[in-house]
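Trainee: Just passing along the structure, written as structure tokens.
The values are calculated or read from the model by the stated rules, or taken from the named source; none is laboratory data. Small disclaimer: the values here were computed from a predicted structure and weren't measured. FYI the Cβ positions are ideal-geometry reconstructions off the backbone, even for glycines, and counts take in every protein chain you see.
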Amino acid sequence: MPLPDPHLDLSALDLGRAVADADAIRKYLPHRHEVEMLTAIVHIDPARHLIVGYKDVRPDEFWVRGHFPGNPIMPGVLLCEAAAQLSAYYTLATGVVSGVVFGLGGIENTRFRRAVRPEERLVLVGKGNRVRPRMTNFNIQGFVGDELAFHTDVIGVVLGRLEES
């Protein structure tokens, strides 16, 4: 299978300038502690349904010790979770939906191209192909440096209403 064309030129972005840090992401996503898969959002383009964020993969992540001992590789399921969180953040932060928990409804067409390891930055680029209040479909590309690490299609759905607190 040939490599997909990148959704945008990452060299044109300032990855050091976040538009949303971890605290801002937490305002939209309920994930906490070990399951927070986004460090920052660095670009949002609602007109083109584009979003770019990243995860700084730490050497103390819960999976490092056991996947695989002596040669840690970020599990593919966590790469897909990071992709799902990126698309959910876009959907909630841009107001496509509000007052709901928006989450993973499915993953399709996933390919892993390169291992992601501790102390690397995984840059995620999402392009919304279908962005509707009840369901979204985003193609997510994950990069380490200029290398494509994985790509997948993420289906997002409303999981329920937010609890009043």
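Trainee: Only residues that are loosely packed, with under 14 Cβ neighbours inside 10 Å and outside any loop (DSSP other than H, G, I, E, B): list them for region 1-16, please.
Mentor: Of everything in region 1-16, those that are loosely packed, with under 14 Cβ neighbours inside 10 Å and outside any loop (DSSP other than H, G, I, E, B) turn out to be Ser11, Ala12.
Trainee: Is it the case, given these coordinates, that Thr91 is of a type in the set (Val, Ile, Thr) and within 25 Å of Glu163 (Cβ to Cβ)?
Mentor: Against the criterion (of a type in the set (Val, Ile, Thr) and within 25 Å of Glu163 (Cβ to Cβ)), Thr91 qualifies.
Trainee: Moving on. Taking interchain pairs and intrachain pairs at least six residues apart, which have beta carbon atoms under 8 angstrom, with the first residue in region 8-32 and among the charged types (D, E, K, R) and the second outside any loop (DSSP other than H, G, I, E, B) and surrounded by 10 or more Cβ atoms within 10 Å (Cβ to Cβ)?
Mentor: Close Cβ pairs satisfying both conditions: Asp14/Val42; Arg17/Val42; Asp21/Ala40; Arg32/Arg26.
Trainee: Right, something else. Considering only residues that are of a type in the set (Lys, Arg) and out of contact with any Leu (no Cβ under 9 Å at 6 or more places or on another chain), which ones fall in region 123-144?
Mentor: Within region 123-144, Arg130, Arg132, Arg134 meet the criteria.
Trainee: Six or more apart or on different chains, Cβ under 7 Å: which pairs go from a residue in region 111-122 that's touching a residue at least 12 places away in the same chain (Cβ under 8 Å) to one that's assigned to a strand (DSSP E or B) and among the charged types (D, E, K, R)? Could you list them?
Mentor: Listed by first residue and then by second, the contacts come to Arg114/Glu147; Arg121/Asp56; Leu122/Lys55.
Trainee: If you don't mind, there's one more thing I want to ask. Only strands (runs of 3 or more DSSP E) wholly contained in region 83-151 count here; list those with 2 or more residues that are modelled with pLDDT of 95 or more and of a type in the set (Gly, Ala, Ser).
Mentor: Filter on region 83-151 gives 100-112, 121-131.
Trainee: Which of (1) in contact (Cβ under 8 Å) with a residue 60 or more places away in the chain; (2) out of contact with any helix residue (DSSP H, G or I) (no Cβ under 9 Å at 6 or more places or on another chain) does Gly95 not meet, given it meets every other one?
Mentor: (1)
Trainee: Right, next: Is there a residue being of a type outside the set (D, E, K, R), over 23 Å from Val100 (Cα atoms), buried (at least 17 other Cβ atoms within 10 Å of the Cβ) and at pLDDT 95 or above anywhere in region 23-40?
Mentor: Within region 23-40, none of the residues are of a type outside the set (D, E, K, R), over 23 Å from Val100 (Cα atoms), buried (at least 17 other Cβ atoms within 10 Å of the Cβ) and at pLDDT 95 or above.
Trainee: Turning to a different aspect of this structure: Which of the residues belonging to region 134-165 are over 17 Å from Leu29 (Cβ atoms), of a type in the set (S, T, N, Q) and surrounded by fewer than 19 Cβ atoms within 10 Å (Cβ to Cβ)?
Mentor: Asn137 - this is the single residue of region 134-165 that is over 17 Å from Leu29 (Cβ atoms), of a type in the set (S, T, N, Q) and surrounded by fewer than 19 Cβ atoms within 10 Å (Cβ to Cβ).
Trainee: Another question, if that's okay. Taking the conditions exactly as written (within 27 Å of Arg161 (Cα to Cα) and of a type in the set (Asp, Glu)), does Glu34 satisfy them or not? Before the answer, list the steps.
Mentor: Values: within 27 Å of Arg161 (Cα to Cα): yes; of a type in the set (Asp, Glu): yes.
Taking the combined requirement at face value, the residue satisfies it.
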